[in-house]
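No value in this document is a laboratory result; all are computed from the given coordinates. These numbers come from a predicted model, not from an experiment. Note: ideal-geometry Cβ built from the backbone for every residue, glycine included; neighbour counts use all protein chains shown.
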Amino acid sequence: MDDNEKINEQQVNNDGELKKQATETLKETKEQMKNINFKEEAEKGKGLLSKLLRKPVKTIKEIVEDNKNQLYKTALIIIIVWILLILLNRIIDFIIYDYYKFNVLATIKAILSPILEILVMAIIIHVLNKDHKQPLTKSITTVSIAKIPLVISAILGYLTYISSNVRYITSPITALLNVISTVLMFFVVKEMFKEEENEKALKLFIKIEVIYYIVAFVFSFLGIAL
């Protein structure tokens, strides 16, 4: 078997494995959605946020090492809350501002944005993580949790409805939350790939980010911002 045949066979195996993971992820997501206790998950979310603030690196490590992936429901709640915040924002804009026209297609694209932002990053990590392969749901969980600062940022955005001057306060906080989310993503990559050396972990993180932004660039042609 020559090199080209080996590459083709490996590509087929990767595609097959990814399809299998996608099917299993969809199945598990449906099951988890049926059994979500929002009150219980809200309490769990508060505890998780508290742990992230106090010991972010240790918390990420614990989530990655959780073989039962107990926080998958919490990750789904994070995604749902993010979607609802975007949808509500567009509805409020339509009600408050006369110049704003509610566009169904644009709203659907806006709603898809956080889903794809998490899913694309999770798939990239899952595909590249050959030596320490874990279920796609684990990648989705860890990436979702790293995006919590962005959800908080979306909540802060609602303060601008009180006064536009609030932006002078929320803008730097939003910038800081974005940085925090990026740092958390670095540690997600470091722990998911079991990379002990920071330099190698940083190179790997940059590689993943480059791939992510290439995909984001492609999606931008569809009017979807990641």
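Among LEU71, LEU26, a tally of other beta-carbon atoms within 10 Å of each Cβ gives an order, fewest to most, of LEU26, LEU71.
Phi-derived couplings, Karplus 6.51 cos²θ - 1.76 cosθ + 1.60 at θ = phi - 60°, listed residue by residue for region 25-37: 5, 4, 5, 5, 4, 4, 5, 5, 5, 5, 10, 6, 9 Hz, with x used for Gly and Pro.
Couplings 3J(HN,Hα) for region 101-107, derived from phi with the Karplus relation 6.51 cos²θ - 1.76 cosθ + 1.60 (θ = phi - 60°), are 10, 6, 10, 4, 4, 5, 5 Hz, where x marks Gly and Pro. Between the helical axis of 198-220 and the dominant principal axis of the chain, each derived from Cα atoms, what acute angle in degrees is found, rounded to the nearest 10? For 198-220 against the chain, the angle is about 60 degrees. Return one number: the angle in degrees, 0 to 90 and rounded to the nearest 10, between the long axis of the Cα atoms of helix 72-96 and the longest principal axis of the Cα atoms of the chain. In the chain, helix 72-96 runs at an angle near 30 degrees to the longest axis. Applying a threshold of 18 Å to the alpha-carbon distances of LYS51/LYS194; LYS58/LYS200; LYS46/LYS190; LYS39/LYS73 flags LYS51/LYS194; LYS58/LYS200; LYS46/LYS190 as lying beyond it. Between LYS46 and LYS207, the simple spin-label model (points 7 angstrom out along Cα→Cβ) gives 4.2 nm.
Please state the shape class of region 165-226: rounded when a/c is under 1.5, otherwise prolate if a/b exceeds b/c and oblate if not, all from the C-alpha gyration tensor. Since a/c reaches 1.5 but b/c is at least a/b, the shape of region 165-226 is classed as oblate.
Result for the chain in a Gaussian network model with C-alpha springs under 10 Å: among PRO172, PRO135, PRO149, the largest mean-square fluctuation is at PRO172.
Each semi-axis of the equivalent ellipsoid for region 38-220 is √(5λ) with λ an eigenvalue of the Cα gyration tensor; in descending order they amount to 30, 19, 16 Å.
A simple spin-label model places the labels of TYR168 and TYR100 2.3 nm from each other, with each point 7 Å out along Cα-to-Cβ.
Going from the residue with the fewest nearby Cβ atoms within 10 Å to the one with the most, ARG54, ARG167 rank ARG54, ARG167. For ARG54 and LYS109, the difference between the fully extended length at 0.36 nm per residue and the C-alpha to C-alpha distance is 16.3 nm.
Taking 0.36 nm per residue of sequence separation and removing the Cα-Cα distance, the GLU17/VAL127 pair yields an extension gain of 38.7 nm. Counting only alpha carbon atoms, the long axis of helix 38-54 and the longest principal axis of the chain meet at about 80°.
Only aspartates and glutamates eight or more places from LYS19 in sequence, or on another chain, were considered; those with a Cα closer than 17 Å are GLU9, GLU28.
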